[in-house]
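One structure is given below, encoded as structure tokens.
The values are calculated or read from the model by the stated rules, or taken from the named source; none is laboratory data. Here the structure is a predicted model, which means the values were calculated and not measured. With ideal geometry, Cβ positions are generated from the backbone for all residues, glycine too; neighbour counts draw on all protein chains shown.
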Amino acid sequence: MLDHDTYPELADGTVPTDQMTLRPQNNYTNVLVLRELQSHAVFTTNGQDADLANVAVGDERSEYSPGLMFMRKQTGSDRRFGKALQRQLGLFGEEEDECTMQVNEMCQDCPECILYGSAAGDDAISITSRVRYDTAYSLRDATVIVDEKFQNAPGGDYAKGPEATIREPDFFEPGTLFPCVVTLQDATPAELAFVLRITRKNKRYGAATSRLGRTKNHVLGMYTGSEEGAANLELTRDAIRALRDDEHTAYETTRDVTSAENVDPSLAAEHVKDAFESRIESDGLDLTRVSTETVDDLIDTATGDAFGEVLATQRERSREFLAEVTD
Ligand SMILES: [Zn+2]
């Protein structure tokens, strides 16, 4: 069973399934993730330019331009994946309409809608999301992770002015790393497991084509308590400084890190995890690391064959919860 008897470490970060509540309480579970691009990816708002920011990175007054994975690029992809997962696990009966991504036509009757929230249709209610995502910042600078691609325009005229090339959207290079936190507030253990399954199994982000945006989400740890941990930007800056200070690397400045041709994902993962935990210490946060055994066990359950039943049970509870809301 996915409850606090089986997972006592989740008692501080989740709510029991029969105590889902409309009134926000402070039960937070922070899931620490490192997203690693495994193919080229497109993250753009205007259809062409890579989404970038300018960020000061520390005591050397140095700046860099990280690539951005906006919040909605993560939630959009994860929600689509979560809804498909529910179908795959047989959550919907044969006579039932399956849930959709259409903003005002979500069913509001599945665990995904009730956890991730849904906008109000004409007579429906609006459900606030209990999962928080945050814009993610790449560890390295745009000059090494963004590839501007041009291709020659078809035609083959002799005169080739600037107009004769077509610019494709900017591509993020494979190997680009985005430290991220996904935070659940007042979620049940089963809802947490649902998010873990999505995180482990969703492999596409950004522009949705089959050959782009392949991503591996490394789950680095889980932290429960009464508050949220470090924000993505803070976490990314801290990890850059930690890579610089690591004696086993040749980086001497933060610029050496942000302009590196590549950064080893497992080394980055170690520093992202340390950075998150150092913030708990230095900022005096009320957060406790969940043991690796519990995290692994929960992921096994979430990715196992019997998870469809867990989700079906959660759906009953989610419905009761929603019925209270609408009374
Ligand atoms: Zn739904």
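Worth pointing out:
- Top-ranked residue of the stretch 110-120 - restricted to ones that are more than 8 Å from the ligand (Cβ to nearest atom) and small (Gly, Ala, Ser), ranked as modelled with the highest pLDDT: GLY117
- Residue list for the stretch 199-243, filter: among the β-branched types (Val, Ile, Thr) and without any contact (Cβ under 8 Å) to a residue 12 or more places away in the chain: THR209
Okay, residues lined up against (1) part of a loop (DSSP other than H, G, I, E, B); (2) modelled with pLDDT of 95 or more; (3) of a type outside the set (Asp, Glu):
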| position | (1), (2), (3) |
| --- | --- |
| LEU34 | no, yes, yes |
| ASN46 | yes, no, yes |
| GLY58 | yes, no, yes |
| LEU68 | no, yes, yes |
| ARG79 | no, yes, yes |
| LEU85 | no, yes, yes |
| GLY90 | yes, no, yes |
| GLU95 | yes, no, no |
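- Boolean, ARG72 is within 11 Å of the ligand (Cβ to nearest atom) and either basic (Lys, Arg) or more than 30 Å from ARG319 (Cβ to Cβ) (or both): no
- Listing of helices (runs of 4 or more DSSP H) fully contained in the stretch 241-327 that carry 1 or more residues being basic (Lys, Arg): 254-258, 265-282, 307-326
- Tally of residues being under 22 Å from the mean Cα position of the chain (by Cα) and more than 11 Å from the ligand (Cβ to nearest atom) across the stretch 90-109: 1
- Checked against (1) of a type in the set (S, T, N, Q); (2) under 24 Å from TYR205 (Cβ atoms); (3) at pLDDT below 95, THR135 passes all but a single condition, namely (3).
- Meets criteria (surrounded by 19 or more Cβ atoms within 10 Å (Cβ to Cβ) and either out of contact with any Leu (no Cβ under 9 Å at 6 or more places or on another chain) or assigned to a strand (DSSP E or B) (or both)) for ARG237: yes
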